[in-house]
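Colleague: Before we start, here is the structure in question, set down as structure tokens.
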Amino acid sequence: MQITNAEINLFNQDKTKNHKDQFDFLHQQLTNKGVAVEKIVQQVQDFQVAIPSWALGAGGTRFGRFSIGGEPANLEEKIDDVGLIHALTQSAGAISLHIPWDIPGDAEAIMTRAQAHGILFDAVNSNTFQDQAKQEHSYKYGSLCHVDPAVRAQAVQHNKDVIDIGVKLGSKSLTVWLADGSVFPGQLNFQKALARTQGSLQEIYAYMPDDWRLFIEYKPYEPNFYSTVIQDWGTSHLLANACGERAYCLVDLGHHLPNTNIEQIVATLLWRGKLGGFHFNDSKYGDDDVTVGSIKPYQLFLIFNELVAGMANNHAGNPPLAWMIDASHNVKDPIEDLIQSLEAIRLAYAQALIIDQAQLEAARDKNDVTLAQEILQEAYRTDLRPLVREARLRAGGALDPIGYCRAVDIRRVLIEERGLETVATGL
Ligand SMILES: [Mn+2]
């Protein structure tokens with residue numbers, strides 16, 4: 001299924017006047033406050049987020065998985081689904097592949113297909129958290145941290161293979177997330193496990209092409225419940241430092257213990273120029289992987305405030321970040337769910353962009369705590385949805401992407417094309 005510009009324009013027609021009225025009103029309001037509206041519309045328009053190749057099918061929990069029908073059965077169809085989302089939202093101009101779930105058979109054909117949708121290949125992701133068919137050694141007791149050098153060598157080689165695949169597709173970064181750790185006290189020697197992991201990562205780092213970056217993701221628990229080898233940003237940071245200049249930390253919003261101040265972690269890493277990538281999702285309790293902005297939208301806004309301020313005053317030379325949605329869809333259609341996440345991300349970004357950073361800084365310098373809070377909440381409570389819609393409209397997207405999905409019944413069309421029984425490769 002493909003959506004053409006003409007179809008989107010036709011769909012937008014009867015909604016345009018209402019939107020224009022709302023946007024013009026907001027434009028005036030913001031301009032009166034001294035906000036550079038046009039610049040912000042452009043910044044929002046330019047903000048693109050990668051969709052992971054494993055997100056287009058129904059997710060699941062360890063208790064069950066409920067198929068939705070019409071799921072993409074191969075990489076080509078996954079790219080097509082990202083293409084649909086991008087056509088409607090104009091904000092998902094990249095895909096992030098998970099290897100070995102999505103090894104391209106013909107890299108050139110896959111690239112041509114992605115290009116037709118205006119999609120680039122973002123970071124590639126390795127997988128040493130589960131065993132694959134015909135694999136010689138098991139990762140049951142770890143991969144890059146394993147006590148047996150032969151298992152570590154196999155895991156390092158897998159990461160090298162992932163880099164080779166990424167090179168063929170034009171990717172420029174590798175994300176490593178390790179499930180390595182221990183389920184019970186006493187199982188693992190913490191120091192030795194960390195040292196072995198560092199050695200393995202250094203080997204992977206040395207293999208990367210000169211223009212590649214390594215992202216080291218951390219997570220405090222799960223699937224290992226007593227310890228994970230890379231449990232927090234500090235551990236990720238020291239490993240990145242041990243690897244070299246082109247190794248960075250990756251923050252996944254769900255990979256923190258409850259109530260962790262994630263915005264402060266973001267600020268700290270930007271201060272050191274070591275923030276490489278971002279995985280968006282939301283959570284109530286643990287790594288729930290639910291829709292971005294569905295539980296803690298104010299936290300997301302505060303994180304974007306640090307990102308905007310940190311990148312505007314980038315004294316440490318932090319490179320542009322790799323943005324990706326890392327969520328799972330158990331009860332909603334993944335296409336609609338991803339559209340909601342993309343909208344929440346752009347909205348939080350736009351809200352952060354209208355903060356008067358100079359005024360905020362002046363309030364801090366005077367210890368005017370009340371004013372500092374007022375400045376943040378004034379931005380957060382301004383309804384910027386018309387601005388986000390305008391950015392989408394100018395790029396050729398749909399004014400109401402979810403409305404479009406429902407009007408043409410995209411899922412029904414996909415089920416007709418692919419059948420009810422298809423299952424997306426992945427978890
Ligand atoms: Mn992640």
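The values are calculated or read from the model by the stated rules, or taken from the named source; none is laboratory data. Predicted model, so just to flag it, every value in this text is computed and none were measured. Cβ: placed from backbone, ideal geometry, glycine included. Neighbour counts: every protein chain shown.
Colleague: Out of the residues in the stretch 257-277 meeting the condition of being within 14 Å of the ligand (Cβ to nearest atom) and farther than 14 Å from Leu300 by Cα, tell me which one is nearest to the chain's Cα centre (by Cα).
Modeller: Per the criteria, the residue is Gly277.
Colleague: Kindly indicate the residue of the stretch 102-134 that is touching a Ser or Thr at 6+ places or on another chain (Cβ under 8 Å) and surrounded by fewer than 19 Cβ atoms within 10 Å (Cβ to Cβ) and also farthest from Glu343 (Cα to Cα) among those meeting that condition.
Modeller: Asp131
Colleague: Next up: Modelled with pLDDT of 95 or more and within 16 Å of the ligand (Cβ to nearest atom): is that true of Leu360 in this structure?
Modeller: The answer is no for Leu360.
Colleague: Which pairs do you get when a residue that is assigned to a strand (DSSP E or B), found in the stretch 86-97, comes within reach of a residue that is crowded, with 24+ Cβ neighbours inside 10 Å and of a type in the set (Val, Ile, Thr), reach meaning Cβ atoms under 6 angstrom, with the pair 6+ apart or on two chains?
Modeller: If the second residue must be crowded, with 24+ Cβ neighbours inside 10 Å and of a type in the set (Val, Ile, Thr), the pairs left are Ile95/Ile51; Ile95/Val82.
Colleague: Here's another thing I want to ask about it. For the structure I just gave you, tell me whether Ile230 is part of a strand (DSSP E or B), within 16 Å of the ligand (Cβ to nearest atom), touching a residue at least 12 places away in the same chain (Cβ under 8 Å) and over 16 Å from Ile303 (Cβ atoms).
Modeller: Considered against the rule, which asks whether it is part of a strand (DSSP E or B), within 16 Å of the ligand (Cβ to nearest atom), touching a residue at least 12 places away in the same chain (Cβ under 8 Å) and over 16 Å from Ile303 (Cβ atoms), Ile230 comes out as no.
Colleague: State the number of residues belonging to the stretch 151-171 that are under 19 Å from Gly244 (Cα atoms) and surrounded by fewer than 18 Cβ atoms within 10 Å (Cβ to Cβ).
Modeller: Counting residues in the stretch 151-171 that are under 19 Å from Gly244 (Cα atoms) and surrounded by fewer than 18 Cβ atoms within 10 Å (Cβ to Cβ) gives 1.
Colleague: Is it the case that some residue within the stretch 408-415 is part of a loop (DSSP other than H, G, I, E, B) and farther than 19 Å from Tyr349 by Cα?
Modeller: yes
Colleague: Checking Gly396 against (1) surrounded by fewer than 20 Cβ atoms within 10 Å (Cβ to Cβ); (2) more than 21 Å from Ile119 (Cβ to Cβ), which single condition isn't satisfied?
Modeller: Status for Gly396: all satisfied but (2).
Colleague: Please verify whether Leu360 is among the aliphatic types (A, V, I, L, M), surrounded by 21 or more Cβ atoms within 10 Å (Cβ to Cβ) and in contact (Cβ under 8 Å) with a residue 12 or more places away in the chain, treating the condition exactly as stated.
Modeller: Judged against the criteria, Leu360 is not a match.
Colleague: Now, a different point. Here are Phe23, Phe63: which of them is surrounded by 14 or more Cβ atoms within 10 Å (Cβ to Cβ) and of a type in the set (Phe, Trp, Tyr)?
Modeller: Answer to the check: Phe23.
Colleague: Related question: I'd like the full set of residues that are part of a loop (DSSP other than H, G, I, E, B) and either in contact with a strand residue (DSSP E or B) (Cβ under 9 Å, 6 or more places away or on another chain) or more than 16 Å from the ligand (Cβ to nearest atom) (or both), limited to the stretch 236-256.
Modeller: Gly244, Glu245, Arg246, Leu253, Gly254, His255
Colleague: Here's something else I'd like to know. Hey, can you tell me all the residues within the stretch 336-395 that are closer than 22 Å to Gln43 by Cβ and outside any helix (DSSP H, G or I)?
Modeller: Ile354, Ile355, Asp356, Arg381, Thr382, Asp383, Leu384
Colleague: Ok, one more. When Trp54 is evaluated against the numbered criteria (1) at pLDDT 95 or above; (2) out of contact with any Cys (no Cβ under 9 Å at 6 or more places or on another chain); (3) of a type in the set (A, V, I, L, M, F, W, C); (4) not in a loop (DSSP other than H, G, I, E, B), which criterion, by number, is the only one it fails?
Modeller: (1)
Colleague: Tell me which residues, restricted to the stretch 265-287, are surrounded by fewer than 17 Cβ atoms within 10 Å (Cβ to Cβ) and in contact (Cβ under 8 Å) with a residue 24 or more places away in the chain.
Modeller: Within the stretch 265-287, Trp271, Arg272, Gly273, Tyr285, Gly286 meet the criteria.
Colleague: Further question: Yes or no: His158 modelled with pLDDT of 95 or more, in a loop (DSSP other than H, G, I, E, B) and more than 18 Å from Gln48 (Cα to Cα)?
Modeller: No: the conditions fail for His158.
Colleague: Taking the stretch 315-343 as the region of interest, how many residues are surrounded by fewer than 21 Cβ atoms within 10 Å (Cβ to Cβ) and away from the ligand (no atom under 16 Å from the Cβ)?
Modeller: 12
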